1. What Kirkwood Rh does segment 221-293 have if only Cα atoms enter the pairwise 1/r average? Answer in Å.
2. Taking a ≥ b ≥ c as the square roots of the eigenvalues of the Cα gyration tensor of segment 120-188, is the shape rounded (a/c under 1.5), prolate (a/b larger than b/c) or oblate?
3. If you average the C-alpha positions of segment 251-283 and of segment 151-203 separately, how far apart do those two centres end up, in angstrom?
4. Output the Cα-based Rg and Dmax of the chain in Å, rounding Rg to one decimal and Dmax to a whole number.
5. For the chain, set up a GNM with springs between Cα atoms under 10 Å and report which of 31, 86, 270 has the largest fluctuation.
6. Students often check this: by mean Cβ neighbours within 10 Å, which of 277-284, 126-133, 183-190 ranks highest, and how do the rest follow?
7. Is the C-alpha gyration tensor of segment 1-86 telling us rounded, prolate or oblate? Criteria: a/c under 1.5 is rounded; beyond that, a/b larger than b/c is prolate, otherwise oblate.
8. By how many degrees, 0 to 90 and rounded to 10, does the Cα axis of helix 9-21 deviate from the longest principal axis of the chain?
Ligand SMILES: NC(=O)c1ccc[n+]([C@@H]2O[C@H](COP(=O)([O-])OP(=O)(O)OC[C@H]3O[C@@H](n4cnc5c(N)ncnc54)[C@H](O)[C@@H]3O)[C@@H](O)[C@H]2O)c1
């Protein structure tokens, strides 16, 4: 099995999930190790004889060809992508290169080697935004609003075309917002948890009333497992948790879980083109493949908060944040009204990542 982007958030969770449940399988993890790729995520499996990591770019045709030739790939699970909306506004071309051209490069090689399944991991963001009512189904027209979602929609259409034109057994999944262990602290949940733990202001875009559907990452992995096993080529499957919450509610829940004050919340100017509401109808996946999520949002949030508490060294290393035992650590007195009382690490975080908890 070729897993692309297996050093990122969902990809690494999937590698761990798969090797735990299918120890007889061999996984090749192809990842370029961008800022979002972190070898620490899969440290617990890197010694296994049936696991191999290759540092490489999915849009490097020679590298992809070599992997298919050497490893006789049977199944592709394609996670690798540029995935952060704010970054796509700053540098759209990178998103086209990785998400569109990179996907085409993989599809092409998969076609030549007659793989038995190509699972293309996409997002509910390709459907655009909803008003107060309704949910996305697999037949909702694509109407992406950000360079990120447009590049993902482009890759979805290429995946579809490779099925229609070349009969490549492609299945597309479109999932709602994931959260859980190993999520790079630029996305909403880890931003909130790690900043709250450092008593730093928590920026929220606009009025915080944008609605997202939330799914614990392990439930996403189990959905992909179903799709690998029984998904019908040429089909799209929505994946979602049925957990619609406003960004503000999510932040308030996490602060309550951590025992931190809501006065840490700081509203910042809205993101351009910010989608109001996503809600996913995952009924097809339930009915056709018998999938359902195991984790309620309440349980998933508790587990996630506990994980970030227990794995301080993991995220502190990424953020270059001092540990609480370090005398230079941010004091437990941060001013919630603005970034003025924050540490140097806080400014690095706010510059690089924390612009309002992008999703
Ligand atoms: N995070 C979510 O909530 C969510 C929801 C639905 C769908 N998705 C999709 O799931 C996939 C994984 O998302 P994520 O949140 O884990 O992303 P991530 O940003 O955490 O990880 C992406 C990984 O891809 C790697 N990568 C980037 N460019 C590459 C390239 N050119 N070649 C090889 N590797 C490259 C990075 O190094 C990183 O390890 C993406 O396709 C994303 O669109 C994410």
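Taken together, the values in this text are just the output of simple stated rules run on the coordinates, not laboratory data. Model, not experiment: these values are computed from the prediction. Methodologically, a virtual Cβ is constructed for each residue, glycine included, from the backbone with ideal geometry; neighbour enumeration extends over all protein chains shown.
1. 15.3
2. oblate
3. Each part's Cα centre sits 17 Å from the other's.
4. 19.8, 62
5. Among 31, 86, 270, the largest GNM mean-square fluctuation belongs to 270.
6. Per-residue Cβ counts within 10 Å, averaged per peptide and sorted highest first, yield 183-190, 277-284, 126-133.
7. Oblate shape, in that a/c is at least 1.5 and b/c is the bigger or equal ratio.
8. Roughly 60 degrees, rounded to the nearest 10.
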